[in-house]
Structures are given as structure tokens and as C-alpha cells.
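The values are calculated or read from the model by the stated rules, or taken from the named source; none is laboratory data. What you are looking at is a predicted structure, and each value in this text was computed from that prediction instead of being measured. Cβ placement follows ideal geometry from the backbone for every residue including glycine, while neighbour counts extend to all protein chains displayed.
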Amino acid sequence: MESRAIAGKQITASSQWDHNEAAHNGRLHFKESGYKAGAWVVRTNDENQWLQIELINSNVKITKVATQGRNSRTFFYWVTNYHLTYSNDGVKFHIYRERGHIEAKNFVGNTDKDTVVSHDLFPPIRARYIRFRPTAWYGWITMRVELYGCLECQDAFGMENGAISDGQITASSELKAAHAANKARLKASEGTWLPLTNNGDQWLQIDLLGNDILVTRIATQGLNNPDMSKWAFDGNIDRYSIVYHDLNPSIVGRYVRFRPINWNGEIAMKVELFGCSDLDECQEQKHNCHDMAHCSNTVGSFNCTCLQGFTGDGVICAGMIFD
């Protein structure tokens with residue numbers, strides 16, 4: 001938020017006082033400047049308000065949050081307590097609870113305008129959308145926030161380092177041995193894959209030898225030859241540069257094909273895939289299922305189901321009452 005790696009369009013809110021008190025003012029350490037307020041400021045002062053951050057990459061683990069009040073010489077406003085909610089689709093939101101707790105986590109917020117108050121999250125949040133939901137405030141609801149965490153599932157599968165064998169790399173066609181499919185390794189000093197024919201029916205395929213594989217990122221590069229200028233894109237604009245693309249949603253599967261649709265000169269590609277084998281959140285205790293719920297692993301996620309005799313969404317379970 002503070003560094004602006006999160007773009008303004010990724011920050012939205014339930015309401016804002018006007019364009020000078022907009023949601024994107026809610027960045028940690030954002031300062032008052034001219035008519036610009038030093039924080040996000042709501043239009044309606046009630047418990048239905050929220051500040052939302054959309055994380056474009058869904059493979060992010062949020063481990064810590066921080067808040068401030070409104071930076072101002074004349075207004076003394078801040079949020080004293082709040083909840084966090086999170087979602088993967090932006091529609092169905094879950095309230096954050098600490099592991100083993102039925103009640104929502106009450107985050108203690110600020111006691112002045114500018115002091116940063118932070119909280120570690122256990123368990124961490126793995127979701128695309130995060131909402132700060134004020135529950136108590138001093139004067140008026142106004143916030144500046146930050147999220148802390150890291151990308152997960154971003155390991156190179158091994159086109160560059162050879163962990164992916166030649167036998168796992170195939171293609172629709174190959175110009176000659178020097179430009180075979182197995183020459184399509186990122187940063188290779190000699191050769192690249194060149195198909196026999198330049199048309200939209202060509203493809204380069206990598207077999208990842210597993211069904212529960214998540215591919216979260218790809219990289220492409222053209223032909224490293226000073227006498228030739230060939231590359232495939234939407235990706236590359238020259239022979240040498242590496243172009244990366246995060247995949248959202250991630251690809252789940254064993255086989256991945258690159259299918260060039262536009263190219264300069266001739267089709268020429270070197271590639272890498274990034275991701276991980278599916279994490280079993282249940283076995284690794286990286287879930288937020290209730291103590292009275294069963295955790296079942298799915299590819300890229302997990303499900304929580306309340307045990308017999310209990311009711312709820314699995315994140316919260318309560319004993320059933322029988323007359």
C-alpha cells in the first residue's frame with residue numbers, strides 16, 4: 001500500500017466522503033496535502049463500512065496488518081477497533097477468526113492519528129480480497145492501512161536448470177535438431193525452439209509429471225542469436241528480454257502448452273514455468289477450519305465441514321440444539 005505496488009484501482013470502499021477522501025488515500029503513511037485528506041474517510045459513519053484491497057495475485061499469504069488514523073492538522077479521527085473479512089471471489093466473504101476461536105477476532109486499532117498499530121495473523125490469510133471493517137472509532141471512521149506477507153507457490157519447475165528432462169518437452173513440429181523442443185529452455189545460450197511451419201497451429205508442450213500441479217507464473221524469451229531477430233509474443237519485444245506473466249487463476253494440470261498467436265520474423269520461444277505441487281493445507285495445519293470441523297484438501301485450496309452434531313460453515317461450528 002505505502003510503496004504503491006498496489007494500484008489505486010485495487011483499493012475500494014463502501015463509501016467515501018468525496019474524491020478528496022477516496023479509498024486510495026487509505027495507504028499507510030499517506031499525508032494530507034492541499035485538499036487531499038490524509039486518509040480514507042467514509043460518507044456514512046456506521047458499522048457497515050469497509051475498506052477493501054484486491055491482491056491481483058491470488059497466491060499471497062497475508063501474515064500481518066497495520067493501521068493508522070487520519071493525518072491532519074485539524075481533524076482528530078481514527079478507528080479504535082475493527083474486524084477483517086476475506087474472499088477469493090469478491091462476493092462471499094469470511095470473517096477472520098483466530099484458530100480455535102468461535103468469535104470473530106477483535107483487532108484493537110489506533111489511539112491517535114499517526115501511530116502505526118500492527119497485528120500478526122495466526123493463521124495467515126490466503127485470499128484475493130481483504131476488507132477492513134471498522135466496529136468502533138473516535139470521531140469519524142477514517143483509516144490508513146498496510147498488508148504484509150509473501151508470494152507462495154513461485155518455484156521454477158526446471159526448464160532453465162534441467163530439472164525438467166528433455167523427454168518432458170515436446171512440440172507440434174521442429175525446424176531441425178538445433179531447434180528442437182528441448183532447446184526451449186529459458187536463458188539457454190545456444191538455440192531455441194523453432195517450429196517447421198510458422199502458423200497458429202504450432203505449440204510447445206511441457207509435461208510436469210503430476211496431476212496436482214499448480215502453475216502460477218510463466219516466462220518467455222526469444223532467440224539468442226545476433227544474426228537473427230525472431231520471437232513470439234504477447235510476451236516478448238526483443239530477442240533477449242525475459243517477460244513474466246502471473247496466472248490468475250492458476251493453471252491446475254499435468255500438461256501445459258504454449259501456443260503462439262503472433263510473432264516477429266518467425267516463431268521462436270524459450271520458456272519457464274513457476275508454481276508448486278499442491279499444498280495439503282489440512283495436513284500442514286495451514287487452514288482456518290474450526291476445531292469441530294473436518295478439513296478436506298482440494299487442489300489449490302481446502303474445504304471445512306462441521307462434524308456431526310454441529311452446524312455452521314466449517315470456519316465456525318456450533319453445537320446443534322435438540323428439543
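Worth pointing out:
- Looking only at residues in the range 249-270 that are part of a strand (DSSP E or B) and touching a Lys or Arg at 6+ places or on another chain (Cβ under 8 Å), the one that is surrounded by the most Cβ atoms within 10 Å (Cβ to Cβ) is LYS270.
- Condition check for ASP120: more than 27 Å from ASN57 (Cα to Cα) and either among the β-branched types (Val, Ile, Thr) or in the same structural domain as PHE75 (by the TED database) (or both): no
- The lone criterion from (1) within 21 Å of ILE130 (Cα to Cα); (2) part of a loop (DSSP other than H, G, I, E, B) left unmet by LYS31 is number (1).
- Count - residues of the range 275-297 that are in contact with a Phe, Trp or Tyr (Cβ under 7 Å, 6 or more places away or on another chain) and either within 18 Å of ASN59 (Cα to Cα) or part of a loop (DSSP other than H, G, I, E, B) (or both): 5
- Among (1) touching a residue at least 40 places away in the same chain (Cβ under 8 Å); (2) over 30 Å from the mean Cα position of the chain (by Cα); (3) at negative phi - the single one GLY139 does not satisfy: (3)
- In the range 1-19, the residues that are farther than 22 Å from GLY90 by Cβ and not assigned by the TED database to the domain that holds LEU55 reach residues that are aromatic (Phe, Trp, Tyr) and assigned to a loop (DSSP other than H, G, I, E, B) with C-beta atoms within less than 8 angstrom, at least six apart or across chains, in these pairs: GLU2/PHE30.
- Residue match in the range 116-131 (condition: at pLDDT 95 or above, out of contact with any strand residue (DSSP E or B) (no Cβ under 7 Å at 6 or more places or on another chain) and in a loop (DSSP other than H, G, I, E, B)): no
- The residue that is nearest to ARG133 (Cα to Cα), counting only those in the range 1-27 that are of a type in the set (D, E, K, R) and within 16 Å of the chain's Cα centre (by Cα), is LYS9.
- Flag if ARG128 is touching a residue at least 40 places away in the same chain (Cβ under 8 Å), of a type in the set (D, E, K, R) and either more than 30 Å from GLU98 (Cβ to Cβ) or crowded, with 20+ Cβ neighbours inside 10 Å (or both): no
- Filter result for the condition that a residue is surrounded by 18 or more Cβ atoms within 10 Å (Cβ to Cβ), within 30 Å of GLY312 (Cβ to Cβ) and within 17 Å of the chain's Cα centre (by Cα), over VAL91, VAL60, VAL79: VAL60
- Members of the range 50-85 that are within 23 Å of VAL252 (Cα to Cα), not basic (Lys, Arg) and not in a loop (DSSP other than H, G, I, E, B): GLU54, VAL60, ILE62
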